[in-house]
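See structure below.
No lab work stands behind these numbers, since they all come straight from the coordinates. All values reported here derive from a predicted model rather than from experimental measurement. Cβ coordinates were reconstructed from backbone atoms using ideal geometry, including for glycine residues, and neighbour counts include every protein chain displayed.
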Amino acid sequence: MNHNIKKILPKLLIFLVLTIVVIIVICSLSDIQEIAKVLKNINVPWLCFGFLFLFLYMIFYPLPLYFLGKSKTEKSISYIDSAMIGSMEYFFNGITPFASGGQPFQIYAYRKIGVDLQRSSGIILMNFVITQTSLVILCLSSLFFYEELTKGTVYLQVMIGVGLGINCLILALFCSVGLSKTLRNWLIRFVSWIIHRKIFKDKLLSFESSFAEYCKGAQDTFHALLAQKIKFIFCICLKLIGLLCYYMIPFFILHALGIEVEFNQLPLITAMTTFSVAMTCFIPTPGATGGIEFAFRTLFVSVLPILSASLATSGLLIWRFITYYFLMLISFIVYLIFERVVAYRLKKQSQTIEKGIDKSI
């Protein structure tokens, strides 16, 4: 575990430096004294609703992993393991560029609890497709019901269009990875071509057949999960509920800041938050730091005229604290607990084997 934490530390350092720089830049664009005054008079009960919806998000968001891990032909993955592995995604996505670290680490975590590589990869791939499908559904619904989102500046319209386009492209790409034999064969040939380069001196030849087997196994798992249409739709519904809980949080933050937004504006604010996240997916910084703050502030000031720059910045800082930094802290704690649990299980398993050997002697 100490070795893993040492590997994480450089990413954490980059994350902290970026965070400090972004906060300084954001605060410099507004009146710092006004921001401090707004934050000092915050309504705590409304803020507690924001934390409540964050915890609801944390309950619903990992649930699809549990249902995807249930199987009639293979050993089902327990709810506790699924919940821990699902919760660790926030931390590893938050400290890696393009939020790319969560899924590889989840495959590693599945391996540590005894799930083979092919099955875990298929489950993670399907869960990612479910997440992207849910996000695209919310984005398209937002554009259909709220023209306000497209009436901002040209730059904002371009960001919304590019963000939606990239999310649709990512969804299509990962569906192809899970379904297309042609794409799988191209990938295997590409890896085979790299392996046979002289630079490796035949050291990776044994990896060639195992990689082809891994790709086939991952696709077989993906096909099997996709064939269970009721489970697939149910998992999308769970993911939608989780994402909606997450995207509703700014509504309660605005109330906590003393801004009397009506309850009939809750869907609009949810739609605005959806695009604040979706249209910054191509930002290469950890957690889209910098881009997501700019998108949130610009979108909310453009669509909600009652928001001043100071109020928008105050809301942004609270929103990022709750949904990013606080969430990452919880996720990191879960990671530490997971490592302890796995170590305890291995120790107990080793003791059981030793007792069995002693009895046989």
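Miscellaneous remarks
- Links that overshoot a 27 Å alpha carbon limit, given the list 112/216; 37/239; 229/348; 72/112; 231/347: 37/239; 229/348; 231/347
- Distance from the alpha carbon centroid of region 242-261 to that of region 305-319 works out to 12 angstrom.
- Length gained on full extension, residue 333 to residue 224, computed as 0.36 nm times the residue gap minus the Cα-Cα distance: 35.9 nm.
- Karplus-derived HN-Hα couplings along region 162-172 (A = 6.51, B = -1.76, C = 1.60, θ = phi - 60°), whole Hz, x at Gly and Pro: 5, x, 5, x, 5, 5, 5, 5, 4, 4, 4
- Label reach from residue 349 (point 7 Å along Cα→C-beta): in region 94-126, amide nitrogens under 17 Å belong to 107-120.
- Net charge of neighbours whose Cβ lies under 10 Å from the Cβ of residue 219, counting Lys and Arg as +1 and Asp and Glu as -1: +2
- J(HN,Hα) series, region 135-149, from Karplus relation 6.51 cos²θ - 1.76 cosθ + 1.60, nearest Hz, glycine and proline x: 5, 5, 4, 5, 5, 5, 5, 4, 5, 5, 8, 10, 5, 4, 5
- Prolate/oblate/rounded label for region 233-315 (Cα gyration tensor, a/c 1.5): oblate
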